[in-house]
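First comes the structure, then the notes that go with it.
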Amino acid sequence: MSSQTQRSTAPAATGQGSHHYVLTLELPGRMSSTWSGTITPPPGASRHDVYMALRNQIGDHNPELSRGNVVFFSLEPNRL
């Protein structure tokens, strides 16, 4: 199995996005990949909008994972 990390950022005052995400996709018996990074959703965007944007971005770069099973998804404000 393989693991990848991809960062998608929109500039913020701190140089990071306003939200941190982790998304793991799996093709059962073939591969599992995890992406994490920061993103600043556009005003009015929903959690689902961000999820779909990330899935589409991953599918554009990794076509075989475009139909992968979601094992884990987290989207949280990027603050302590």
Cβ under 10 Å from H20's Cβ, H20 left aside: what net charge do those residues give with Lys, Arg +1 and Asp, Glu -1? 0
Would you mind telling me the share, in percent, of accessible area of region 28-80 contributed by carbon and sulfur at probe 1.4 angstrom? 53
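The values are calculated or read from the model by the stated rules, or taken from the named source; none is laboratory data. No experiment lies behind these values; they were computed from the predicted model shown. Counting neighbours? That spans all protein chains shown, and the Cβs are built from the backbone with ideal geometry, glycine included. These area figures cover heavy atoms from the full protein model, side chains too; ligands, DNA and RNA do not enter into them. Shrake-Rupley method; radii C 1.70, N 1.55, O 1.52, S 1.80 Å.
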